[in-house]
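Presented below is the structure to which this report refers.
The values are calculated or read from the model by the stated rules, or taken from the named source; none is laboratory data. Because the structure is predicted, anything quoted here is derived from the model rather than measured. A quick note on method: Cβ atoms are made from the backbone with ideal geometry, for glycine too, and the neighbour counts reach across all protein chains shown. Heads up: the accessible areas ignore ligands, DNA and RNA and are worked out on the full protein's heavy atoms, side chains in. Shrake-Rupley method; radii C 1.70, N 1.55, O 1.52, S 1.80 Å.
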Amino acid sequence: MKMTEISVLFKKQRSLIATSAILLSVMVCGANAEESIEVVRSGIPHDSLYDVAINGEIGFAVGNAGLLIETKDAGATWTQLERMGNQAFLAIASKGDRTLIAGQKGTIMSKTGDGAWETVETPFETRLMKIDFNASGLVVAVGEFGLIHRSKDGGSSWDTIIIDWMQYNDEGYEPHLYDVTVRDDNNVVVVGEF
């Protein structure tokens with residue numbers, strides 16, 4: 001992937017909103033149906049959930065200090081799993097039978113099917129705000145100060161995409177990047193500050 005194949009969009013305000021450890025279920029059932037919001041799980045004060053991914057019936061939500069909760073019924077009920085370390089997990093992506101988690105200090109965890117969570121070795125220690133991947137093995141993680149990390153082999157090896165931010169703002173500020181989408185055609189869209 002060439003640097004020109006990455007679309008960089010900027011937002012004027014920070015797009016990541018940290019939520020408390022409360023999951024809300026919103027049901028909209030047809031044009032005339034009433035909306036309902038129901039608390040399906042609440043945590044303790046200072047627990048925070050930052051991202052959620054539900055793929056079919058199975059899903060996970062991630063948060064501070066290795067917080068990981070799981071649903072096996074498409075979000076109706078949630079179970080807290082054993083914390084995995086003390087680094088905050090800020091992002092999760094799930095496609096097919098694979099799930100990736102990303103967070104503080106370059107932390108990436110991977111799970112395939114019913115297997116155990118495994119640490120993905122990375123050569124960086126940057127705060128990762130979001131991660132996404134596609135079926136061909138392209139994984140992209142974005143985060144603090146305009147950093148984009150890429151793996152073309154499902155996470156076995158990594159490189160960092162360097163962007164000349166002077167092309168995008170007069171001061172050359174390196175914006176935090178908050179979200180990424182990796183499409184099946186290997187095009188990548190990234191959004192962040194400014």
What full-extension length gain, to one decimal in nm, is calculated for R183 and D164 as 0.36 nm per residue of separation minus the Cα-Cα distance? 4.5 nm
Give me the distance in nm between label points sitting 7 Å out from Cα along the Cα-to-Cβ direction at D153 and S42, one decimal. 4.9
Once the piece of chain linking E35 and Q87 is laid out straight, how much longer is it, given 0.36 nm per residue of separation minus the C-alpha distance between them? 15.1 nm
Mind checking the per residue accessible area of the range 43-91 for me, 1.4 Å probe, whole number of Å²? 47
If ligands, DNA and RNA are left out, what is the accessible area of Y173 with a 1.4 Å probe, given in Å² to the nearest 10? 120
For the range 80-138, what does the relative contact order come out to in percent, with C-alpha contacts under 8 Å and a separation of six or more? 31
With all protein chains modelled, accessible area of S110 [1.4 Å, Å²]: 20
How much of the accessible area of the range 83-194, in percent, comes from carbon and sulfur atoms when a 1.4 Å probe is used? 45
In terms of the Cα gyration tensor, with a ≥ b ≥ c the square roots of its eigenvalues, is the range 130-194 rounded because a/c is under 1.5, prolate because a/b exceeds b/c, or oblate? prolate
Accessible surface, the range 137-194, averaged per residue in Å² (probe 1.4 Å): 48
Extension gain, E121 back to I54 (0.36 nm per residue minus Cα-Cα distance, nm): 21.6 nm
